[in-house]
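Please read the structure below before turning to the comments.
The values are calculated or read from the model by the stated rules, or taken from the named source; none is laboratory data. On a predicted model such as this, the values are computed, not experimentally measured, just so you know. Neighbour counts run over all protein chains shown; Cβ positions are idealised from the backbone, glycine included. Ligands, DNA and RNA are stripped out before the accessible areas are found, and what is left, the full protein with its side chains, is counted by its heavy atoms. Shrake-Rupley method; radii C 1.70, N 1.55, O 1.52, S 1.80 Å.
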Amino acid sequence: MHTARLCLRLAEGEMKYCLMKLCRVLCFMLTSPLHLMEITGLYGVYRRLFPLLAYNITFSYNDKMHKTKRELFRNVCKFANTDGSLRLLEIGCGSGANFKFYPDGCTVICTDHNPHFHRYLRRSMAANTHLTYGDFVVVSGEDMKEVGDESVDVVVCTLVLCSVRSVQRVLQEVRRIVRPGGAFYFLEHVVSEPSTWTYFFQHVLEPLWYYLGDGCMVTRATWKDLEAAGFSEIHLKHIDAPEVTPMIRPHIMGYCIK
């Protein structure tokens, strides 16, 4: 009897997997015009519009994740220098959604691969006068050669590792630019457990989500990259983000020490 139930579960799991693959192919076919737009360069028009969409979404996400972000950044000050100064670099700063959570007097250096975020970034800077701001550097997270070796105390990356081309290369850059004993803070949505329907829909709808989210991938197990990156310490936990879209509800949060 037990063997029969096990075989039935395996058969159901195999059917679900095949259905998921089929639905993903259909979704990919439906998004082929968007793929063609990316190849021909027409998708660049959407990349100019995306910062406006992200800026408006930021307010809703911050409201839902306020307590989580407060908890995440509560001990950033412990990585300040003996004179109290703290240099913080944010990868993929977007419109500055994290500024209000950073400690007073912190110097923030902003990087993003999309230059069209600048106008919205200035609004957040004007609203968060408790911080000092460095340059806005237009670079990808995989290649930040404009930023010097061991030049910052803290690096922050939230909802960014889902859309970079290589998580491993980004983490290599983080380890290069943060000083010894400094920290890397992260908050990222990740793939769900394979047994869940969230996992099913993440894989089915990812081709569409990729274009709507400007390269966002919802099936990454980013915690594995963090664990393999070579940090001396890692403080990581899995959470379910409250009230956000089920597709991106599974999150990881925490910090690593170099």
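Tally up the carbon and sulfur contribution to the accessible surface of segment 140-229 as a whole percent, 1.4 Å probe, everything protein left in place.
Numbers: 1920 of 3700 Å².
Ligands and nucleic acids excluded, carbon and sulfur reach 52 percent.
I'd like the FRET efficiency for Asn114 and Glu71, computed as 1/(1 + (r/R0)^6) with the beta carbon distance as r and R0 of 41 Å, rounded to 0.05.
0.90
Give me the dipole magnitude in Debye, nearest 20, for the chain about the Cα centre, with unit charges on the beta carbon: positive for Lys and Arg, negative for Asp and Glu.
With Lys and Arg at +1 and Asp and Glu at -1, about 400 debye.
Give the cross-link partners of Lys224 among the aspartates and glutamates, using a straight C-alpha distance below 15 Å as the criterion and excluding same-chain residues fewer than 8 apart.
Cross-link targets: Glu188, Glu193, Glu233.
What accessible surface, in Å², does a 1.4 Å probe find on His113, ignoring ligands, DNA and RNA and rounding to the nearest 10?
Approximately 100 Å² of His113 is accessible to the 1.4 Å probe.
Per residue, how much accessible area does the chain have with a 1.4 Å probe, in Å²?
Value for the chain: 52 Å² per residue.
If one puts a single equal scatterer on every Cα of segment 27-124 and applies the Debye formula without solvent, what log₁₀ I(q)/I(0) results at q = 0.23 Å⁻¹?
Each listed q maps to, in turn, -1.20.
Output ³J(HN,Hα) for segment 238-253: one whole-Hz value per residue in order, computed from phi by the Karplus curve 6.51 cos²θ - 1.76 cosθ + 1.60 with θ = phi - 60°, and x for Gly and Pro.
3J(HN,Hα) across segment 238-253, in whole Hz: 8, 9, 9, 5, x, 6, 8, 3, x, 4, 10, 6, x, 10, 10, 8.
Can you send over the solvent-accessible area of Phe200, 1.4 Å probe, protein chains only, in Å² to the nearest 10?
Rounded to the nearest 10, the figure is 10 Å².
Could you sort 19-32, 145-158 so that the peptide with the highest average Cβ count within 10 Å comes first and the rest follow in order?
145-158, 19-32
Counting only residues 5 or more places away or on other chains, whose amide H sits under 5 Å from the amide H of Gly182 once H atoms are built in the peptide plane?
Lys258
Can you sort Ile257, Ile57 by 1.4 Å-probe accessible area, starting with the largest?
These residues rank, largest area first, as Ile57, Ile257.
Net charge within 14 Å of Gly41 by Cβ-Cβ distance, Lys/Arg positive one each and Asp/Glu negative one each, not counting Gly41 itself?
Value of the local net charge: +1.
Could you name the lysines whose alpha carbon sits less than 16 Å from that of Lys78, not counting residues in the same chain fewer than 8 places away?
Straight-distance partners of Lys78: Lys258.
Under the rule of at least 5 residues apart or a separate chain, name every residue whose amide H is placed under 5 Å from the amide H of Tyr133.
Val108
For segment 215-222, in order, what is each residue's ³J(HN,Hα) by Karplus, 6.51 cos²θ - 1.76 cosθ + 1.60 with θ = phi - 60°, in whole Hz (x at glycine and Pro)?
Karplus values, whole Hz, x for Gly and Pro: x, 6, 10, 9, 10, 8, 9, 4.
When we measure straight from the Cα of Lys64, which aspartates and glutamates land under 13 angstrom away, once same-chain ones fewer than 8 places off are left out?
Here the aspartates and glutamates satisfying the reach criterion relative to Lys64 are Asp240, Glu243.
Calculate how many DSSP beta bridges within segment 26-150 are antiparallel, expressed in % of all such bridges and rounded to the nearest 5.
Values: 1 of 11 bridges.
Bridges in segment 26-150 that DSSP calls antiparallel: roughly 10 percent.
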